[in-house]
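Peer 1: Below: one structure in structure tokens.
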Amino acid sequence: MNTMNIISEIRKELNQLSQNPSNVKDFSRFHKDGKKHIGLVTKIVRNLSAEKYKQVRHLEKKKIYFICEELLETGNHGCQIVAFDWSYRIRTHYRKEDLTVFEKWIDTYVDNWGSCDDVCTHALGYHLYLFREDIPKIRRWTISKNKWKRRASAVVFIYPVKKKKYLDEVFGIAESLLTDEEDLVQKAYGWLLKVASAVERQKVFDFVIQHKNTMPRTALRYAIEKMPDFSRNQALAKD
């Protein structure tokens, strides 16, 4: 199979699907750059991705990663969804060194919170779930100059935390990002705390109370969203 052929096929079919207005959605809210970003509805792209994956599933992991990167290189939103989907489909073949692949993708291709969350809650999140030894490197992402990498440092823990794993790491990540000036980073660690609160409500509540005078309200509101009214009121009350 010719790599460029499969990529050309995907782009052609994405273009054909986009001719139907009902298949198209405004994704501008994912970018926050003041520009219009119009793309195909994610479910439609995922259906295409599943169908096209049948043509490559026999390939070795390294080759699939190569095709995924070529898809990411196109800069096409639909191709990006396909790339992240295929990289998650081969998760049973992950090895520790694959972290370098995902980190490169974040550094090079992730430029909005939608794509950041897509790769982090699936491929990268599952990789972290498998390899606890990744954690020290992920912690260092909290001080990256790249805001998407800082967001990723929190979002990547959501998959394992939902599986009740690495709960002890949540608070260190949140504390490192506590006063981050980026709204989307604040929302990310607030989201992580909210997910953790389903398992460790008291610990999350105690963390929020301890830091509520320095934690941005955006993060705080996310963190306490699933808590009882009396807990939320206590957390929101000004001292």
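The values are calculated or read from the model by the stated rules, or taken from the named source; none is laboratory data. Model, not experiment: these values are computed from the prediction. Cβ coordinates were reconstructed from backbone atoms using ideal geometry, including for glycine residues, and neighbour counts include every protein chain displayed. What goes into the accessible areas is simple: the full protein's heavy atoms, side chains included, and nothing from ligands, DNA or RNA. Shrake-Rupley method; radii C 1.70, N 1.55, O 1.52, S 1.80 Å.
Peer 1: Order 225-238, 113-126 from most to least packed using the mean count of other Cβ atoms within 10 Å.
Peer 2: 113-126, 225-238
Peer 1: Relative to the first principal axis of the alpha-carbon coordinates of the chain, what is the inclination of helix 167-176, with its axis defined by its Cα atoms, in degrees from 0 to 90 and to the nearest 10?
Peer 2: 80 degrees
Peer 1: Separate question: Residues of segment 84-107 with amide nitrogen under 20 Å from the 7 Å Cα-to-Cβ point of PHE66?
Peer 2: 84-91, 93-95, 97-105
Peer 1: I'd like the FRET efficiency for PHE131 and SER8, computed as 1/(1 + (r/R0)^6) with the beta carbon distance as r and R0 of 35 Å, rounded to 0.05.
Peer 2: Between PHE131 and SER8 the formula returns 0.50.
Peer 1: Can you tell me, using C-alpha contacts under 8 Å and at least 6 residues apart, the relative contact order of the chain as a whole percent?
Peer 2: Once normalised by length, the contact order is 12 percent.
Peer 1: LYS104 versus GLU182, label points 7 Å from Cα toward the beta carbon: distance in nm?
Peer 2: About 2.2 nm, to one decimal.
Peer 1: Treating cross-link reach as a plain straight distance, find the lysines whose alpha-carbon is under 20 Å from the alpha-carbon of LYS104, omitting any fewer than eight places away in the same chain.
Peer 2: LYS61, LYS62, LYS63, LYS96, LYS137, LYS145, LYS147, LYS149
Peer 1: Then there is this: Rounded to the nearest whole Å², what accessible area per residue is found for the chain with the 1.4 Å probe?
Peer 2: Counting only protein heavy atoms, the per-residue value for the chain is 51 Å².
Peer 1: What number does segment 1-130 give for Rg over Rh if you use C-alpha atoms and the Kirkwood radius?
Peer 2: 0.95
Peer 1: Please list log₁₀ I(q)/I(0) at q = 0.12, 0.16, 0.17 Å⁻¹ for segment 101-239, using the Debye equation with identical point scatterers on the alpha-carbon positions.
Peer 2: Taking Cα atoms of segment 101-239 as identical point scatterers yields -0.42, -0.74, -0.84.
Peer 1: Taking a quarter of the surface of the convex hull around the Cα atoms of segment 48-109, what do you get in nm²? Present the calculation step by step, with values, prior to reporting the outcome.
Peer 2: Numbers: hull surface 15.7 nm².
Computed as one quarter of the Cα hull surface, the answer is 3.9 nm².
Peer 1: How many percent of the accessible area of the chain is carbon or sulfur, using a 1.4 Å probe?
Peer 2: 47 percent
Peer 1: Let me ask you something else. Any idea what the relative contact order of segment 188-235 is, in percent, if you count C-alpha pairs under 8 Å spaced at least 6 apart?
Peer 2: Computed over segment 188-235, the figure is 48 percent.
Peer 1: Put a dot 7 Å past each Cα toward the Cβ at LYS25 and ILE209; how far apart are the dots in nm?
Peer 2: The modelled label-to-label distance comes out at 3.9 nm.
Peer 1: Still on this structure, I have one more. At 222 nm, what helix-only mean residue ellipticity would the chain give, in deg cm²/dmol to the nearest 500, using -39500 (n - 2.57) for each DSSP H run of four or more? Please report the intermediate quantities before stating the final value.
Peer 2: On the way: 15 runs with 152 residues, N = 239.
Result for the chain: -19000 deg cm²/dmol, rounded to the nearest 500.
Peer 1: Over all alpha-carbon pairs in segment 173-222, figure out the percentage whose distance exceeds 17 Å.
Peer 2: Percent of Cα pairs beyond 17 Å in segment 173-222: 20.
Peer 1: Share of Cα-Cα pairs in segment 81-141 beyond 20 Å, in percent?
Peer 2: Looking at segment 81-141, the distances longer than 20 Å represent 17 percent of pairs.
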